[in-house]
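This report concerns only the one structure given below.
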Amino acid sequence: MNESQRLPPVTEVAMLSLALIVAGGIYLSAHLPRHVPLAPAIVLLALSTLLMVGNVTSLTRVRGFDWARFFWVARWALLAYFITAGLIEFVFVRNHVRGGTLVVLTLSLIVYAVHVPTLIGFTVARYSSSTPDPTGADAAPAGAGFAHS
């Protein structure tokens with residue numbers, strides 16, 4: 001990617017999207033275990049999802065973006081965030097959250113679990129100048145505090 005090439009505001013849009021998801025989660029959680037009016041949370045979820053889709057769409061239009069590095073990083077972050085989202089989902093189910101509230105919370109967790117790895121992958125790939133070595137040969141040198149693959 002050319003250094004002078006302007007990137008879309010992926011980080012800024014991602015943070016707004018995540019703020020909407022967090023606000024929706026806080027709103028829903030504040031009403032539990034009583035009945036939760038879902039309309040505000042659904043609106044926040046829809047807005048966050050639209051921002052996420054727009055973010056990814058704008059990123060796909062960037063010429064020369066290091067997609068290999070992006071996916072190399074994002075896949076591991078996606079695994080980690082789906083595990084944490086699954087644990088949070090388990091807590092909701094275990095605490096008897098049901099119906100529409102559970103559906104909205106689950107969809108919010110999916111947006112969270114996709115958007116954060118996208119943001120991590122973007123952050124690494126935007127500063128990358130080469131594609132990753134799948135063998136791990138481009139990992140940090142020994143003694144740098146990082147585990148080798």
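Every number in this text was worked out from the coordinates using simple rules, so none of it is lab data. These numbers were taken from a predicted model, which means no experiment stands behind them. Virtual Cβ from ideal backbone geometry, glycine too; neighbours counted across all protein chains shown.
Suppose the chain between TYR27 and ARG61 were pulled fully straight at 0.36 nm per residue; how much longer would it get relative to their current alpha carbon spacing?
Additional length available on full extension: 8.8 nm.
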Item to check | Per-selection Rg to Rh, the range 10-126 - Cα, Kirkwood hydrodynamic radius | outcome: 1.03
Checklist entry - Taking the range 1-100, which GluC sites (Glu not before Pro) meet the DSSP loop condition and have no more than 10 other C-beta atoms within 10 Å? => result GLU3
Checklist outcome for this item: Output for the range 1-106: trypsin sites (Lys or Arg not before Pro) sitting in coil per DSSP, at most 11 other Cβ within 10 Å, listed by number, reads ARG6, ARG34, ARG61, ARG63, ARG98
Item to check | Contact order normalised by residue count of the range 10-126, Cα under 8 Å, 6+ apart, percent | outcome: 40
